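The values are calculated or read from the model by the stated rules, or taken from the named source; none is laboratory data. Given the structure is predicted, the values throughout are model-derived calculations rather than measurements. So basically every Cβ, Gly included, is an ideal-geometry build from the backbone, and we count neighbours across all protein chains shown. Protein only, heavy atoms only, side chains kept; ligands, DNA and RNA dropped before computing areas. Shrake-Rupley method; radii C 1.70, N 1.55, O 1.52, S 1.80 Å.
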Amino acid sequence: MSPALAFLGVSILGTWGIASIGLIAGGIIMLFFPGDPVTASDNTLGGIVLLVAGLVSGGLMQVVVSPLLGLDAPVPVRAKEIRPHTAMTRWAKVGLLRDFPEGLPKEVRARAQRIVIVRTGDQVHALTALCSHARLPLAGFPGSPIRPEPIKDNCVMCPFHGARFDVASGKVVRQPFSSQFNNEHPFLGGIQSKLFKLLRFIPMPYQAFPVPKFARPTLTAEDLQTYPVRIENGEVYVGLPR
């Protein structure tokens with residue numbers, strides 16, 4: 001990515017993000033701090049309109065700007081899109097076995113596919129790199145405080161909202177926003193879970209316009225796509241769909 005494109009993406013992300021936060025804050029103030037109930041008019045509808053507009057704006061921002069930063073839009077991944085391993089016959093080298101840390105997920109790119117590699121002892125597993133809940137990377141953002149979580153009980157955990165998946169089968173073991181995760185992560189779990197619920201369950205009569213699917217976050221995760229893996233002469237290969 002060129003520095004100019006990265007600067008453009010960060011600039012748009014910051015400006016648009018501040019505007020979206022302003023709309024959300026305005027909606028919250030109108031809903032929960034309406035002022036004098038005797039002299040002030042009812043701000044419920046206006047607050048809901050601002051809140052929905054801010055959340056939708058934030059969703060649009062991520063869809064538009066994320067590709068400029070090399071990221072994926074936070075669109076849920078559906079289990080119905082999972083393909084069997086028999087269809088994964090296009091092998092791609094993803095690195096040397098020693099390049100992958102023990103018990104820690106590491107993301108790689110294999111022919112434009114984002115894949116997370118998990119090495120536990122002599123076994124290596126490969127899954128889609130994006131959590132099926134909000135399409136955020138299971139290996140976190142490099143250089144940020146949100147880092148990959150160690151493998152525990154043969155499961156990889158999304159560091160953003162706490163969903164856990166079996167590394168061998170891709171099956172959901174724990175849904176996002178569990179009480180344990182929310183208690184351990186007040187912002188990523190406690191606060192965001194309330195925002196997710198608020199946006200998803202706003203009654204239709206109070207919606208200024210239909211909320212698109214990408215801006216209506218789900219509260220559950222689905223099973224992840226897994227990929228066949230083979231090791232030859234210390235090199236790791238992942239089977240991809242043709």
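So here's what we get for this one:
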quantity: Count of residues meeting criterion [touching a His at 6+ places or on another chain (Cβ under 9 Å), part of a helix (DSSP H, G or I) and of a type outside the set (S, T, N, Q)] in the stretch 175-195; calculated: 3
quantity: Subset of the stretch 136-156 that is open to solvent by 30 Å² or more (accessible area, probe 1.4 Å) and modelled with pLDDT of 90 or more - its residue that is nearest to R114 (Cα to Cα); calculated: P148
quantity: Where a residue in the stretch 185-197 is on the phi < 0 side of the Ramachandran plot and of a type in the set (D, E, K, R) and its partner, wherever it lies, is part of a helix (DSSP H, G or I) and at pLDDT 75 or above, with Cβ under 9 Å and at least six apart; calculated: none
quantity: Test: A79 is under 19 Å from E222 (Cβ atoms), in contact (Cβ under 8 Å) with a residue 12 or more places away in the chain and surrounded by fewer than 16 Cβ atoms within 10 Å (Cβ to Cβ); calculated: yes
quantity: Residues that are surrounded by 18 or more Cβ atoms within 10 Å (Cβ to Cβ) and either out of contact with any Leu (no Cβ under 8 Å at 6 or more places or on another chain) or within 17 Å of F187 (Cβ to Cβ) (or both), drawn from the stretch 157-169; calculated: M157, C158, P159, F160, H161, G162, A163, R164, D166
quantity: Count of the stretch 96-123 residues which are of a type in the set (K, R) and part of a strand (DSSP E or B); calculated: 4
